[in-house]
Each structure stands twice: as structure tokens, then as C-alpha cells.
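Have a look at the structure below, then the notes.
The values are calculated or read from the model by the stated rules, or taken from the named source; none is laboratory data. As the structure is a computational prediction, the values presented were derived from the model and not from experiment. When we count neighbours, we look across all protein chains shown, and the Cβ atoms used for this are built from the backbone with ideal geometry, even at glycine.
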Amino acid sequence: MRMLFLVCAAFMAVNPSFGNQDPEAQVGTIDDVVVVVNDDVITRNELDERVKSVISQLKKQGTPLPEMSVLRKQILERMITDMLQAQYAKETGVRVDDTQLDLAMTSIAHQNNFATLADFLDKLKSQGVDVKKFREEIRSEMVAKKLRDREVESKLAISEKEVDNYLANKSKMGLENEEYHLAHILVVVPEQASAEKIQAARERAEHALSQLASGADFAQVAAGTSDANDALKGGDLGWRPADRIPPMFMNALKGLKPGENTGILRSPSGFHILKLVDKRNGSAAVVITQTHARHILIKTSEITTSAEAKKRLLAIKQRIDAGADFAEEARRHSEDGSAAEGGDLDWLSPGQTVSEFEDEMNKLKVGEMGIVETQFGWHLIQVLARRNTDVSDQQKRQQARMAIASFKSEELYQDWLRQLRDRAFIEYHLDDDQK
């Protein structure tokens, strides 16, 4: 997670159910409702608060502000999407408990160079940040990530044939080491959209392209037009290797100079406009240090607290220190899928495990054991061996797999969001001058 959390716009909080309010409270609330989303509502005050926060964010980024009516509409649509995901997560039992949240918060603190979570929270308070609200924003983001992992990432299937074709196309196009800094505008086309809706979406994209042709700032147009999650960051996608850019987009980018943008590109998810911010040659390392490790995991849950899980794991470690077989203890007690293999994780490359696990593993010498807590629970890790490995071919195939997954994932995610919205009851209560 990034330093962006220190300055990010506030996520909306899930509102109390409309029907749970008393009659007198409802009278005041009815006047303030701007959108009904299934059984929840978004109020005018919530929209105003989010608009102020986003404006502050855009100013800090140096992004010119779109027209206020356009910006309010963009923000409201994002709030509706956030609320639909929060509702679905609640209905399907996706949640993040306080233990998982505290681990994520601690990780954010460390990434922002704070020794402790308490120091980080003190800094937020000194900046006028509502810490309780900030925690819930992080929880909401983690829930959304869990949802995406379950509804999208877990359903990705990439064949070896796809990898072969991808690498062949990459070689043919001469894109071995090129990296691109991109920004984009996405106008989503609803699933099974009518010809009228498709035309309306195209007209929005054409209007955005016309603004760019007239000299408008790309980030400003993205903030006011794009349906993508990064719209309020000016559509900035950051640096991406060529092999993580869909071929149809790559073909359009090849003739551009930094600062130029493409025309309108059509994909299954909608209409796109890409800007080439910059381009550079990258060099992928081919020799890496791999670690052969095994572990025993005791998961934390509502039933098993972090303290209880740690106590159980320390008891297992004590038995191993006294001569018990690690693999046998793993088969008996580990709550990870590797238990049947005696906890053996085989050879691990950098980035293959969560950061807390990898950091602890890297501290250990061959033969040593250590314990660490991650979002999954408490781990007892033992390093069995290390090696420096030339992984040119494996790395190329893994990078290809990641690249294919990246654009497949985004398409699937947009499809899922469209389906979520299509199933929802959404009713606007806006004045004509606010629509």
C-alpha cells in the first residue's frame, strides 16, 4: 500500500438502512437523499464531503479540476460502485477482521518509514486525519481486494498455449525490454447494452477526445470522464512493461511520441483513450536468489485469536527444538495446503510470498527457524537451502503469464462490476441542475 493513503480521498461509509431510521429522522433524510442503492442511500452531505476530499486530492496531485457538475457526477457514480461492492461483500460474508486490519495498518506504517503503528497514527492525527475513519477506509479497500480476488482472480485460467503465443508475438514485435508510462480514459459499455447506450458511450469518448485535441489536460479530462478506478488520479497507470499491455493497445502506442495520445480504441469493456507519458528501455534480471523453505501455519479467526495461534505455534516449535520431526509436525498441525507435503513450499522466488513472510524468511540462515504473523495467521518457517538461479526462460514465461492475467483480470473485473450494477436497484433523487 502506498503513501497515497496519507492524502487519499475518503471512501464513503456504508450508510444505515433507510428503513432502520425513526420517522422524524426519515423526514430530514428524504430531502437529503441523492441516490437509493438497493436498501441503502447516499445523502447529499456524504456526496459533498466526498467531493471536497477529492478536490483536495486533485489539487495536491496538481491535476486541473474538471467542471464541478461533471466531477460531482463522476464521484457519485464511484460512490454507487463502492456501495454495491460493500453490500455484496456483506451479503456473501466477505470481511476483514481487526487482526487482519491491524496487520495491514502496520505494513502501511512500515512502508511510510514509521517504526511503529502508534507513531504512524500520531502523524495522521497531527495532519487532522480522523484515524477511526481512516481505518475503515483501509478495511473497505481490503474487502474490495478480497472480493476481486474471489470473483475475478480465482477464475482466471491461462493455458500454456496462450503463454507460447504471447511470447511469440512479443518477440515478433521486438518488445523484449521496453517499458511504457501510460495514462488512460475508459468509458464503460454496459453488458448487453442497447445500440443507444453503446452510441452514448462512444459519444462520451469522442467528446473526451475532442477536448484533448483542443489542448485540454489529459488528467483533467480523465478525472471528469473516465469510469476507471484510477480516474481521480488522472488515469495514471504508471510504468508497465510492454508484455503487460494488451496487443491491441500496443499496436496503437507504437507510433506515438511521449505526450501524445491514441484515438478511441474499442475493447469488450468499453472505449479507451491511451496517453503515452514516457517510454524507456528496461532490463529484466535473469539471476535471482531462491530459497527452499517449509512452514507450519496456524490460522487466526474469530475463534482462534492471534495470541492463541502464536501460543500453539510456539509449542510446536518447542517440540521440534527438542527433536520432533518438522515435517511430521506440519502434517499433524499445519492449516496450510502444504501440510500434506510436510509443509514443504519448494523453491521460492522473490515476491512469491507475502512481504512479512518473505522478510522473515530472508533473515534466516539455512537450517534456522523463525516465526512471523501475516494476514493468514502465524507461521513457523524453516529455511532448507538457498541458490542463485538463472531463471531466464522461467521468468519470461512467468512474466508472460502475469501480463496475460493483468489484462484478462481487468476485463473480467469490469464485466463483474457491470453485472453487479445490472442486478441492482438504483434510483436517483437529484435536481435537474445536478444530473
Counting just the residues of segment 308-339 that are of a type in the set (A, V, I, L, M) and within 15 Å of residue 372 (Cβ to Cβ), which one comes out surrounded by the fewest Cβ atoms within 10 Å (Cβ to Cβ)?
314
Identify all residues within segment 115-142 that are within 23 Å of residue 376 (Cα to Cα), in contact with a helix residue (DSSP H, G or I) (Cβ under 7 Å, 6 or more places away or on another chain) and either touching a residue at least 24 places away in the same chain (Cβ under 8 Å) or among the charged types (D, E, K, R) (or both); write none if there are none.
134, 135, 138, 139, 140, 142
Please find, within segment 340-356, the residue that is surrounded by the most Cβ atoms within 10 Å (Cβ to Cβ) out of those that are touching a residue at least 12 places away in the same chain (Cβ under 8 Å) and more than 17 Å from residue 385 (Cβ to Cβ).
356
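Yes/no per residue for (1) farther than 29 Å from residue 62 by Cα; (2) of a type outside the set (Gly, Ala, Ser); (3) in contact (Cβ under 8 Å) with a residue 24 or more places away in the chain:
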| site | (1), (2), (3) |
| --- | --- |
| 145 | no, yes, no |
| 181 | no, yes, yes |
| 202 | no, yes, yes |
| 221 | no, yes, yes |
| 238 | no, no, yes |
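Consider segment 43-95. How many of its residues are of a type in the set (Ser, Thr, Tyr) and in a helix (DSSP H, G or I)? Show your work before the answer.
Taking segment 43-95 and keeping what is of a type in the set (Ser, Thr, Tyr), we get 43, 53, 56, 63, 69, 81, 88, 92.
Checking which are in a helix (DSSP H, G or I) leaves us with 53, 56, 69, 81, 88.
Count: 5.
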Out of the residues in segment 31-70 meeting the condition of being without any contact (Cβ under 8 Å) to a residue 40 or more places away in the chain and within 14 Å of residue 429 (Cβ to Cβ), tell me which one is surrounded by the most Cβ atoms within 10 Å (Cβ to Cβ).
41
Return yes or no: is residue 259 closer than 28 Å to residue 60 by Cα and at pLDDT 90 or above?
yes
